[in-house]
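Comments concern the structure below.
The values are calculated or read from the model by the stated rules, or taken from the named source; none is laboratory data. In this text the structure is predicted, and so the values were computed from the model without any measurement. FYI the Cβ positions are ideal-geometry reconstructions off the backbone, even for glycines, and counts take in every protein chain you see. Note: accessible area is taken over every heavy atom of the protein model, side chains too, but ligands, DNA and RNA are not part of it. Shrake-Rupley method; radii C 1.70, N 1.55, O 1.52, S 1.80 Å.
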Amino acid sequence: PHLAAFARLALAARPVRAPADLDGLTHLVLPGGESTTLHHLLTLFGLWEPLRARHRAGTLALFGTCAGAILLARDCGGSPPTLGLLDAAIERNAYGRQVDSFVGELELEGAPFPAVFIRAPRFTDIGSDVRVLARLADIPVALEATGILATTFHPELTDDPRWHARFLGLAARPAR
Ligand code: GLN
(Lines give C-alpha, C1' and ligand atoms only; values in the text may rest on other atoms or scores of the structure.)
Protein backbone atom coordinates (compact mmCIF):
# COMPACT_ATOMS: atom_id res chain seq x y z
CA PRO A 1 0.00 0.00 0.00
CA HIS A 2 2.88 2.45 0.61
CA LEU A 3 4.17 1.78 -2.92
CA ALA A 4 0.67 2.56 -4.24
CA ALA A 5 0.60 5.83 -2.28
CA PHE A 6 3.90 6.91 -3.85
CA ALA A 7 2.62 5.83 -7.28
CA ARG A 8 -0.30 8.25 -6.78
CA LEU A 9 2.36 10.94 -6.42
CA ALA A 10 3.99 9.70 -9.65
CA LEU A 11 7.07 8.61 -7.72
CA ALA A 12 8.92 5.39 -8.52
CA ALA A 13 9.34 3.74 -5.12
CA ARG A 14 10.74 0.26 -4.55
CA PRO A 15 10.80 -2.32 -1.75
CA VAL A 16 13.95 -2.68 0.37
CA ARG A 17 14.87 -6.20 1.48
CA ALA A 18 18.68 -6.14 1.75
CA PRO A 19 21.29 -3.52 2.70
CA ALA A 20 22.32 -3.07 -0.96
CA ASP A 21 18.73 -1.99 -1.76
CA LEU A 22 19.40 1.16 0.27
CA ASP A 23 21.95 2.38 -2.28
CA GLY A 24 20.81 5.62 -3.86
CA LEU A 25 17.74 5.98 -1.63
CA THR A 26 17.08 9.22 0.24
CA HIS A 27 13.72 8.27 1.84
CA LEU A 28 12.54 5.03 3.42
CA VAL A 29 9.22 3.95 4.96
CA LEU A 30 9.18 1.60 7.94
CA PRO A 31 5.70 0.13 7.53
CA GLY A 32 3.18 -1.19 10.04
CA GLY A 33 2.85 -4.79 11.08
CA GLU A 34 4.27 -6.38 14.21
CA SER A 35 7.16 -4.40 15.66
CA THR A 36 8.74 -7.48 17.28
CA THR A 37 8.70 -9.30 13.93
CA LEU A 38 10.00 -6.22 12.10
CA HIS A 39 12.86 -5.92 14.58
CA HIS A 40 13.66 -9.60 14.12
CA LEU A 41 13.61 -9.41 10.31
CA LEU A 42 15.54 -6.14 10.10
CA THR A 43 18.25 -7.74 12.25
CA LEU A 44 18.20 -11.04 10.32
CA PHE A 45 18.51 -9.29 6.93
CA GLY A 46 21.31 -7.00 8.17
CA LEU A 47 19.30 -3.78 7.84
CA TRP A 48 19.10 -2.62 11.47
CA GLU A 49 22.56 -1.01 11.75
CA PRO A 50 22.69 0.36 8.16
CA LEU A 51 19.35 2.12 8.71
CA ARG A 52 20.56 3.74 11.89
CA ALA A 53 23.94 4.65 10.38
CA ARG A 54 22.43 6.13 7.19
CA HIS A 55 19.91 8.18 9.16
CA ARG A 56 22.53 9.44 11.61
CA ALA A 57 24.81 10.35 8.70
CA GLY A 58 21.99 12.54 7.39
CA THR A 59 21.50 10.64 4.14
CA LEU A 60 18.22 8.81 4.79
CA ALA A 61 14.90 10.32 5.87
CA LEU A 62 12.58 7.85 7.63
CA PHE A 63 8.78 7.56 7.82
CA GLY A 64 7.50 5.14 10.46
CA THR A 65 3.85 4.15 10.39
CA CYS A 66 2.37 2.32 13.39
CA ALA A 67 4.82 -0.55 14.09
CA GLY A 68 7.38 1.48 12.10
CA ALA A 69 6.84 4.41 14.51
CA ILE A 70 7.46 2.01 17.43
CA LEU A 71 10.84 1.08 15.90
CA LEU A 72 11.82 4.75 15.45
CA ALA A 73 10.97 5.75 19.04
CA ARG A 74 13.39 6.32 21.91
CA ASP A 75 11.86 3.35 23.72
CA CYS A 76 8.62 1.41 23.91
CA GLY A 77 8.86 0.46 27.57
CA GLY A 78 9.96 -3.11 26.90
CA SER A 79 10.31 -5.28 23.82
CA PRO A 80 11.30 -4.92 21.00
CA PRO A 81 14.52 -2.86 21.13
CA THR A 82 14.03 0.34 19.13
CA LEU A 83 16.26 2.33 16.78
CA GLY A 84 15.97 5.33 19.11
CA LEU A 85 16.08 7.89 16.29
CA LEU A 86 12.93 9.82 17.29
CA ASP A 87 12.94 11.67 20.62
CA ALA A 88 9.61 10.28 21.84
CA ALA A 89 8.59 7.27 23.90
CA ILE A 90 5.75 5.08 22.70
CA GLU A 91 3.34 2.62 24.30
CA ARG A 92 2.36 -0.40 22.22
CA ASN A 93 -1.29 -1.48 21.77
CA ALA A 94 -2.44 1.60 23.69
CA TYR A 95 -6.03 1.55 22.41
CA GLY A 96 -6.69 -2.12 23.13
CA ARG A 97 -6.85 -5.20 20.97
CA GLN A 98 -7.29 -5.76 17.21
CA VAL A 99 -11.09 -5.49 17.55
CA ASP A 100 -10.68 -2.02 19.03
CA SER A 101 -9.21 -0.77 15.72
CA PHE A 102 -10.99 2.29 14.31
CA VAL A 103 -10.97 5.19 11.85
CA GLY A 104 -10.50 8.63 13.41
CA GLU A 105 -10.84 11.94 11.61
CA LEU A 106 -7.74 14.13 11.83
CA GLU A 107 -6.88 17.46 10.35
CA LEU A 108 -3.87 17.82 8.08
CA GLU A 109 -2.98 21.27 6.74
CA GLY A 110 -6.54 22.49 7.32
CA ALA A 111 -8.35 19.60 5.60
CA PRO A 112 -9.80 16.40 7.13
CA PHE A 113 -7.95 13.10 6.92
CA PRO A 114 -9.61 9.79 7.89
CA ALA A 115 -6.87 7.93 9.77
CA VAL A 116 -6.90 4.13 10.16
CA PHE A 117 -5.73 2.95 13.60
CA ILE A 118 -5.02 -0.80 13.85
CA ARG A 119 -3.94 -1.99 17.32
CA ALA A 120 -2.20 1.34 17.43
CA PRO A 121 0.51 2.60 19.77
CA ARG A 122 0.52 5.96 21.54
CA PHE A 123 3.34 8.50 21.85
CA THR A 124 3.88 9.21 25.54
CA ASP A 125 6.87 11.46 26.17
CA ILE A 126 7.71 13.80 23.33
CA GLY A 127 11.00 15.70 23.19
CA SER A 128 11.06 19.47 22.78
CA ASP A 129 12.59 19.31 19.26
CA VAL A 130 9.74 17.14 17.99
CA ARG A 131 6.68 18.73 16.39
CA VAL A 132 3.15 17.36 16.85
CA LEU A 133 1.48 17.53 13.42
CA ALA A 134 -1.88 15.98 14.31
CA ARG A 135 -3.87 14.95 17.36
CA LEU A 136 -6.94 12.82 17.86
CA ALA A 137 -8.93 13.81 20.96
CA ASP A 138 -5.82 15.60 22.26
CA ILE A 139 -3.60 12.54 21.80
CA PRO A 140 -0.62 13.20 19.49
CA VAL A 141 -0.79 10.79 16.54
CA ALA A 142 1.69 12.29 14.04
CA LEU A 143 5.17 13.61 14.85
CA GLU A 144 7.85 15.28 12.78
CA ALA A 145 11.49 15.83 13.61
CA THR A 146 14.53 16.50 11.45
CA GLY A 147 14.53 13.78 8.79
CA ILE A 148 11.70 11.85 10.47
CA LEU A 149 7.94 11.51 10.15
CA ALA A 150 6.04 9.11 12.41
CA THR A 151 2.34 8.29 12.61
CA THR A 152 0.56 5.87 14.94
CA PHE A 153 -2.03 5.30 12.18
CA HIS A 154 -1.78 3.88 8.65
CA PRO A 155 -1.83 6.76 6.10
CA GLU A 156 -1.23 4.26 3.29
CA LEU A 157 -4.70 2.76 3.87
CA THR A 158 -6.47 6.04 3.06
CA ASP A 159 -6.79 7.06 -0.58
CA ASP A 160 -5.06 10.38 0.03
CA PRO A 161 -1.28 10.66 -0.36
CA ARG A 162 -0.80 13.93 1.55
CA TRP A 163 1.23 12.34 4.36
CA HIS A 164 3.48 10.65 1.79
CA ALA A 165 3.86 13.95 -0.05
CA ARG A 166 4.83 15.64 3.20
CA PHE A 167 7.42 12.94 3.85
CA LEU A 168 9.00 13.48 0.43
CA GLY A 169 9.37 17.15 1.33
CA LEU A 170 11.55 16.29 4.34
CA ALA A 171 15.28 16.55 3.96
CA ALA A 172 17.34 13.78 5.53
CA ARG A 173 18.77 14.68 8.92
CA PRO A 174 21.87 16.88 8.68
CA ALA A 175 25.03 15.35 10.15
CA ARG A 176 25.77 16.38 13.75
N1 GLN B 1 0.41 -3.63 17.58
C2 GLN B 1 1.54 -3.64 16.70
C3 GLN B 1 2.85 -3.61 17.51
O4 GLN B 1 2.84 -3.32 18.68
C5 GLN B 1 1.50 -2.46 15.72
C6 GLN B 1 0.25 -2.57 14.86
C7 GLN B 1 0.35 -1.94 13.51
O8 GLN B 1 1.43 -1.70 12.96
N9 GLN B 1 -0.80 -1.71 12.92
O10 GLN B 1 3.87 -3.87 16.96
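Among Ala134, Ala115, Ala18, which one shows the highest mean-square fluctuation when the chain is modelled as a Gaussian network with alpha-carbon springs under 10 Å?
Ala18
At R0 = 45 Å, how high is the FRET efficiency between Asp23 and Asp159 if r is their beta carbon distance? Nearest 0.05 is fine.
The value I calculate is 0.90.
What number comes out for accessible area per residue over the range 74-150 if the probe is 1.4 Å? Units Å², please. List each step's numbers first, then the result.
Working: 3810 Å² over 77 residues.
So the range 74-150 comes to 49 Å² accessible per residue, rounded to a whole number.
Cα gyration tensor of the range 63-117, axes a ≥ b ≥ c as square roots of the eigenvalues: rounded (a/c below 1.5), prolate (a/b > b/c) or oblate?
On the way: a/c = 2.98, a/b = 1.45, b/c = 2.06.
Cα axes put the range 63-117 in the oblate bin.
With every protein chain present, what is the per residue accessible area of the range 1-71 (1.4 Å probe, Å²)? Let's see the in-between values first.
Values: 3410 Å² over 71 residues.
Per-residue accessible area for the range 1-71 comes out at 48 Å².
Going by a ≥ b ≥ c, the root eigenvalues of the Cα gyration tensor, does the chain fall in the rounded group (a/c under 1.5), the prolate group (a/b larger than b/c) or the oblate group?
Here the chain falls in the rounded category.
Which percentage, to the nearest 5, of the DSSP beta bridges contained in the chain is antiparallel? Working shown, then result.
Values: 20 of 30 bridges.
Looking only at bridges with both residues in the chain, the antiparallel portion is about 65 percent.
Return the distance in nm (one decimal) between the two label points of a simple spin-label model at Arg131 and Thr43, each offset 7 Å from Cα along Cα→Cβ.
Here the answer is 3.5 nm between the modelled labels.
Can you tell me how much longer the chain between Ser79 and Glu34 gets when fully stretched, taken as 0.36 nm per residue apart minus their C-alpha distance, in nm with one decimal? Please list the in-between numbers first.
Numbers: separation 45, 0.36 × 45 = 16.20 nm, distance 1.14 nm.
The span from Ser79 to Glu34 would gain 15.1 nm if fully extended.
Do the sum for the chain: with -39,500 (n - 2.57) for every DSSP H run of n ≥ 4, divided by all residues, what is the mean residue ellipticity at 222 nm, to the nearest 500 deg cm²/dmol?
-6000 deg cm²/dmol
Give the distance, in whole Å, between the Cα centre of the range 1-50 and the Cα centre of the range 129-159.
Result: 19 Å between the Cα centres.
Please state the equivalent ellipsoid semi-axes for the range 1-83: what are the square roots of 5 times the Cα gyration tensor eigenvalues, largest first, in whole Å? Walk me through the numbers before you get to the answer.
Working: eigenvalues 86, 45, 28 Å².
Semi-axes, largest first: 21, 15, 12 Å.
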